[in-house]
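Undergrad: Got a structure for you, questions after.
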Amino acid sequence: MIVVTGATGNTGRELVRVLAAAGEPVTATSRNISDAEVPDGVRTVRADLTDAESLRPVLDGADALFLQDGGTSAHLLSPRDLLDAAKAGGVGRVVLLSSQGVATRPESESHGGLARAVEDAVRESGLEWTTLRPGGFHSNAFAWVEPVRAHRTVAAPFGDVGLPTVDPADIAEVAAVALREDGHAGAVYELTGPAPTTPRERAEAIGAALGEPVRFTEQSRDEARAQMLAFMPEPVVDTTLAILGDPTPAELRVSPDVERVLGRTPRPFADWARRHVAAFRG
């Protein structure tokens, strides 16, 4: 059995679907998951990664674990304690969803430092492990749903700075391969899309999927910062703005790893926009 944590998130939800379609026995877990959120035949268990007692019924009898901690060890009971519980339950293989920031922003506690601590715990656990380091997600565009629905507008900073964001469905498919197949032990995969796209281009792609134009308005850094501070801690906001406005060469790089694992090119943002256009229709 494969346990998927974060099973209601953008990546976890896709991974549960992929594994279930392949006929794998799956336990999907998150704090508030329900049977209605997963395909038929998938077992759901509500569990909190900060609560040891809630994890025991999730991990007992499992063979493999997809561990998603949101990029911060604060979301975990303790990386090492959790992995010890996984081993006690029978888990032999773990696939960790980490962050590109471990390599590109190691000095940033919010984007690299905490995620590195989780990676270290996984690497030292004695389990067979694979680490996935995605950059930005195509699905970050869900933040634009309300203004697109209401006004067919998008506001964002750094309108012409491109980054190779990745489709959560591609992350999920890579994770499924690493969970189910041999040959990925000890691998660290950097996951990106096929090419950089700018916020302006992503707004245009949403408009094309809708069949009507979406107007792009460029925010200043200060405007974007003020908006982001309403729901993100200040250190996270400042590092995020640095990535969006002044990405490093490593953050601009298109990685070959999705194609290396899946045997096909990553899905472009326009494909993601077409698949999720209903969210933007209003």
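The values are calculated or read from the model by the stated rules, or taken from the named source; none is laboratory data. Predicted, not measured: the structure shown is a model, and the values here were computed from it. Cβ coordinates were reconstructed from backbone atoms using ideal geometry, including for glycine residues, and neighbour counts include every protein chain displayed. Note: accessible area is taken over every heavy atom of the protein model, side chains too, but ligands, DNA and RNA are not part of it. Shrake-Rupley method; radii C 1.70, N 1.55, O 1.52, S 1.80 Å.
Undergrad: Could you grab me the full set of residues in segment 88-104 that are over 21 Å from ALA7 (Cβ atoms) and either out of contact with any strand residue (DSSP E or B) (no Cβ under 7 Å at 6 or more places or on another chain) or among the polar types (S, T, N, Q) (or both)? Explain how you work it out, then say what you get.
TA: Going through segment 88-104, the residues over 21 Å from ALA7 (Cβ atoms) turn out to be 88, 100-104.
Within segment 88-104, ALA88, GLN100, GLY101, THR104 meet the criteria.
Undergrad: Taking SER220, is it closer than 21 Å to GLY101 by Cα and among the small types (Gly, Ala, Ser)? Before you say what the answer is, go through the steps one by one.
TA: Details: closer than 21 Å to GLY101 by Cα: no; among the small types (Gly, Ala, Ser): yes.
When the stated conditions are applied, SER220 does not pass them.
Undergrad: Sticking with this one: Where in segment 124-226 are there strands (runs of 3 or more DSSP E), lying wholly inside it, with at least 1 residues that are open to solvent by less than 50 Å² (accessible area, probe 1.4 Å) and under 26 Å from ALA20 (Cα atoms)?
TA: Working: elements: 128-134, 153-157, 188-191, 215-219.
Filter on segment 124-226 gives 128-134, 188-191.
Undergrad: Which ones in segment 189-244 are among the aliphatic types (A, V, I, L, M) and touching a strand residue (DSSP E or B) at 6+ places or on another chain (Cβ under 8 Å)?
TA: Within segment 189-244, the subset among the aliphatic types (A, V, I, L, M) is 191, 195, 203, 205-206, 208-210, 214, 224, 226, 228-230, 232, 236-237, 241-244.
Once the filter is applied, which keeps residues that are among the aliphatic types (A, V, I, L, M) and touching a strand residue (DSSP E or B) at 6+ places or on another chain (Cβ under 8 Å), segment 189-244 yields LEU191, ALA203, ALA205, ILE206, VAL214, ALA224, LEU241, ILE243, LEU244.
Undergrad: Conditions first: (1) open to solvent by 60 Å² or more (accessible area, probe 1.4 Å); (2) closer than 27 Å to GLU119 by Cα; (3) in a helix (DSSP H, G or I). VAL236 passes all but one, so which condition is the exception?
TA: (1)
Undergrad: List the number of the failed condition for GLY183; all other conditions in (1) closer than 23 Å to VAL145 by Cα; (2) without any contact (Cβ under 8 Å) to a residue 12 or more places away in the chain hold.
TA: Going through the list (1) closer than 23 Å to VAL145 by Cα; (2) without any contact (Cβ under 8 Å) to a residue 12 or more places away in the chain, GLY183 breaks only (1).
Undergrad: Find the residue count for segment 87-100, including only residues that are surrounded by fewer than 24 Cβ atoms within 10 Å (Cβ to Cβ) and in contact (Cβ under 8 Å) with a residue 60 or more places away in the chain.
TA: Of the residues in segment 87-100, 1 are surrounded by fewer than 24 Cβ atoms within 10 Å (Cβ to Cβ) and in contact (Cβ under 8 Å) with a residue 60 or more places away in the chain.
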